[in-house]
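Below is one structure, written out as structure tokens, with a few remarks after it.
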Amino acid sequence: MERVGFGVVGVRNFAQDHIKYISKIEEEGLGELRAVVVQEHERGLEIVELLRDRGVRIFSHYQDLLDSGQGLVDIITLPVAIHTHYDMAKRGLEAGYNIILEKPPVPTVQQLDDLMRVERETGKFVAVGFQMIYSRSLRRLKEIILEGRLGEIKEITCRGYWPRTDGYYRRNEWAGKVIVDGQLVLDGPMNNALAHYLNNMLFIAGPDMDSSAGLRFVRAELYRARPYIDSPDTSCLEAETTQGTRLYFYVTHCPEEKFDPLMEVVGTEGTARWRYPEKVDVVYNDGSKERFDSGGTDPFLEVVRTAASVHQGKAARPYSTLENSRSFVVAINGAYDSAQYITPIPEHYVRYVGRGDDRLAVVTGIDELFDKACAERKLLSELNVYWARRTWRVSVEDYRSFNPFRRPHTIQ
């Protein structure tokens, strides 16, 4: 069977990872990198010349690829700025290409719904870059849940504390922004660096292997320690699925110590703990235990490999789709509706470590506070934290549109 042709928009930052994974499946004979889009200021980079020497076609503009890539490229990957996801994915679908769209898929639920419409009408597919949905460990855990071995799932918690430097927020025009050029971004740990782990919770709670759970309500608190960014860098969220499972999520880019994401799934017949990078421990109420990991499978590579298989007709659909990403987008939109604005953390609770691009912001005691909040299934305001602000639950069961300038429907 003929190799699947890939085109990548970009050659730097995460685009380099896309190129790397496509190169790996090229070695397997499954796919081939055939085109890249290179901006004017990138044309002198060494990687561009290396790709040209490999026979990869270089385009200066995305539209040039769309216009001239037919017969050359089958799947376009979009490791691009969040606020450009909707427009670029829609244009790619309408031009006749399948798309790998980085996470988060789009900032708003109405954009997500419109992309799903275009996907249906064009007969093309969008694979969303929530790579952990391709993880063997996560999929095995969901199989255990669907088999009923953990009983009824009552609660799922996750916390992750990943420090980010000043350089992280200076790396592009949209980092640390809520809006750029009139377009929503909604950057922050929940909707970017730690977005996978909120999406994992929703996927684990879903009714089958292709679906994520629908949501009934969302309540969130969004905080900002750094005065020079617009977006939150510290957030907590409570939600309830339409099946009654409670979700609790705690993330920050201002920790005292790095803490990799830890998800705990609490059922009536046992408890499972999924720890990044992909270590799972299950303890059943009868005393039996189970432990497993990813088996060495790279979920990032699986996104590309599965997309190629779908294009060839060997697989029915990508694992992470627009459809099963919808609850994630609803959760983020609902979080902003609930919080209504991002609360600054008073400066005397924030200290800075290091200098220049390596400088870190640290919120005093945030690790301990989030650990306590998670253990007690509360948000920070319920711990009577001085600087925390209480928010309201927002009904999202029939959520169709996010408008940050409207007053949302809140419930006690």
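No lab work stands behind these numbers, since they all come straight from the coordinates. Everything numeric here is computed off the predicted structure, so don't read it as measured data. All Cβ positions, glycine included, derive from the backbone under ideal geometry; neighbour counts span all protein chains shown.
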Requested in this report: Would you mind calculating the relative contact order of the chain from Cα pairs under 8 angstrom and at least 6 residues apart, reporting the percent as a whole number?
Outcome: 18
Query raised in the report: If you build a Gaussian network model of the chain, linking Cα atoms that sit under 10 Å apart, which residue out of 200, 192, 98 swings the most?
Result: 192
Query raised in the report: Hey, which aspartates and glutamates would be in cross-link range of residue 20, C-alpha to C-alpha under 12 Å, not counting anything within fewer than 8 residues on its own chain?
Result: 32
**Report entry** Reciprocal mean inverse distance between Cα atoms of the chain - Kirkwood radius, Å
**Finding:** 22.0
Report summary line: In order over segment 257-267: 3J(HN,Hα) from phi, Karplus 6.51/-1.76/1.60, θ = phi - 60°, whole Hz, x for each Gly or Pro, gives 9, 5, 9, 5, x, 10, 10, 10, 10, 10, x
Report summary line: Rounded to the nearest 500, the 222 nm mean residue ellipticity computed for the chain from DSSP H runs (n ≥ 4, each -39500 (n - 2.57)) alone is -9000 deg cm²/dmol
Query raised in the report: When we measure straight from the Cα of residue 279, which aspartates and glutamates land under 16 angstrom away, once same-chain ones fewer than 8 places off are left out?
Result: 143, 260, 264, 290, 293, 298
Report task. Could you let me know the centre-to-centre spacing of segment 219-266 and segment 141-175, using Cα atoms, in angstrom? Result -> 9
Query raised in the report: Which value results for Rg/Rh of segment 4-131 when Rg is the Cα radius of gyration and Rh the Kirkwood radius based on the inverse mean 1/r?
Result: 0.95
**Report entry** Long-range HN-HN contacts of residue 402 with modeled amide H, under 5 Å
**Finding:** 109, 110
Query raised in the report: So which lysines can residue 177 reach, going by Cα to Cα under 22 Å and dropping same-chain residues fewer than 8 places off?
Result: 103
Query raised in the report: For segment 321-392 and segment 33-79, what is the separation of their Cα centres, given in Å?
Result: 39
Query raised in the report: What residues have an amide H closer than 5 Å to that of residue 4, excluding those fewer than 5 places away on the same chain, when H is modeled at 1.01 Å from N in the peptide plane?
Result: 31, 32
Report summary line: Amide H neighbours of residue 128 at under 5 Å, excluding residues fewer than 5 places away on the same chain, with H built from the backbone geometry, are 101, 320, 321, 322
Requested in this report: Could you state the angle between the C-alpha long axis of helix 14-27 and the longest principal axis of the C-alpha atoms of the chain, as a value from 0 to 90 degrees rounded to the nearest 10?
Outcome: 60
Query - Cα coordinate range in segment 104-216, projected on the principal axes (Å, largest first) - result: 48, 41, 28
Requested in this report: Taking only Cα atoms and a 10 Å spring cutoff, compute GNM fluctuations for the chain and point out the largest among 108, 157, 343.
Outcome: 343
Query raised in the report: Top mean-square fluctuation among 186, 51, 247, Gaussian network model of the chain, C-alpha springs under 10 Å?
Result: 51
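What FRET efficiency do you get for residue 341 and residue 243 if R0 is 25 Å and r is their Cβ-Cβ distance, rounded to the nearest 0.05? Intermediate results must be reported in sequence, preceding the final value.
Numbers: r = 31 Å, r/R0 = 1.24.
The formula returns an efficiency of 0.20 here.
Just want to confirm a number: the relative contact order over segment 25-154, from Cα pairs under 8 angstrom separated by 6+ residues, in percent.
On the way: 137 pairs, mean separation 21.2, N = 130.
With pairs under 8 Å counted, the relative contact order is 16 percent.
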